[in-house]
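S.K.: The structure that follows is given in the form of structure tokens.
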Amino acid sequence: MLYCGFIIEAKVGDEFFLKSILNSTKIVARGWVKSLDPNQLVGSIELGQEWCEVNVQVPIKKMKIW
């Protein structure tokens, strides 16, 4: 899931560049909006308002495994 509340006119199929939560200047993956339906189940939980389901297709930076 990805928080989409800051995106005014997101549509299914829109491309996203996902940024690191540790360093917001680094892009870590590229994905596309899969669903904006607040009733859509993701991992058995409804998305709810201002959230979207994304499909990440292109990882750009590997994460370290601790």
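S.K.: Does the range 21-63 hold any residues that are of a type in the set (S, T, N, Q) and in a strand (DSSP E or B), and which are they?
M.R.: Initial filter on the range 21-63 (of a type in the set (S, T, N, Q)): 23-25, 35, 39-40, 44, 49, 55, 57.
Hits for the range 21-63 are Ser35, Asn55, Gln57.
S.K.: What single numbered condition from (1) in contact with an Asp or Glu (Cβ under 7 Å, 6 or more places away or on another chain); (2) at pLDDT 85 or above; (3) surrounded by fewer than 16 Cβ atoms within 10 Å (Cβ to Cβ) fails to hold for Tyr3?
M.R.: Here Tyr3 clears every test but (2).
S.K.: Can I ask one more? Of the residues that sit in the range 21-45 and are surrounded by 12 or more Cβ atoms within 10 Å (Cβ to Cβ) and β-branched (Val, Ile, Thr), which one is modelled with the highest pLDDT?
M.R.: Looking at residues that are surrounded by 12 or more Cβ atoms within 10 Å (Cβ to Cβ) and β-branched (Val, Ile, Thr), I get Val33.
S.K.: Sticking with this one: Which residues, taken from the range 6-20, are more than 11 Å from the chain's Cα centre (by Cα), modelled with pLDDT of 85 or more and loosely packed, with under 12 Cβ neighbours inside 10 Å? Give the steps one after another, and end with the answer.
M.R.: First, the residues of the range 6-20 that are more than 11 Å from the chain's Cα centre (by Cα): 6-13, 20.
Imposing the further condition that a residue be modelled with pLDDT of 85 or more reduces the set to 11-13.
Correct list: Lys11, Gly13.
The values are calculated or read from the model by the stated rules, or taken from the named source; none is laboratory data. Please read these numbers as outputs of a predicted model, since none were measured by experiment. Glycine also receives a Cβ, built like all others from the backbone with ideal geometry; neighbour counts cover every protein chain displayed.
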